[in-house]
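Trainee: Below is a structure I'd like to ask you about.
Read-outs throughout are calculated quantities, based only on the coordinates presented, and are distinct from any laboratory measurement. If you're wondering where the values come from, they're calculated on a predicted model, not measured in any experiment. A quick note on method: Cβ atoms are made from the backbone with ideal geometry, for glycine too, and the neighbour counts reach across all protein chains shown.
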Amino acid sequence: MRRAVLLALLALTACSKPAKEPEAPFAFAATSITLPAETAALPASPAADRVTVACTACHSADMIVRQPPLKPEQWAATVKKMREVYKATYPESEDAGLVAALIELQSPDAP
């Protein structure tokens, strides 16, 4: 009896549908975008040079110059957040200089 059941199972297995072909892995389509031209520029100064090095890898000059005036402690918190949360690559030892540069750039008499 066991042999008959085994033979029946073997016959059913042999007659079953073949295994489904594996699906091709997902492929990304090539896409391109055109960004608008950068029209803003930081004024030529040591402060602008420092901000350019520390900030423009992620932020446009336009975004930087349009920030609302912040107090030094607010800029310090922002600079710390950029480094710790968003992994900006400037060292903590440069925080005070970067804050001073941002304050200088937001002042109405910035160069």
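Trainee: As an exercise, identify the GluC sites (Glu not before Pro) in segment 32-111 lying in DSSP coil whose Cβ has no more than 10 other Cβ atoms within 10 Å.
Mentor: Sites meeting the loop and neighbour criteria: E38.
Trainee: What do you get for Rg/Rh over segment 39-111 if you use C-alpha atoms and the Kirkwood form of Rh?
Mentor: 0.92
Trainee: Among L70, H59, Y90, whose Cα lies farthest out toward the positive end of the dipole of segment 39-111, if unit charges sit on the beta carbon of Lys, Arg (+1) and Asp, Glu (-1)?
Mentor: Of L70, H59, Y90, it is H59.
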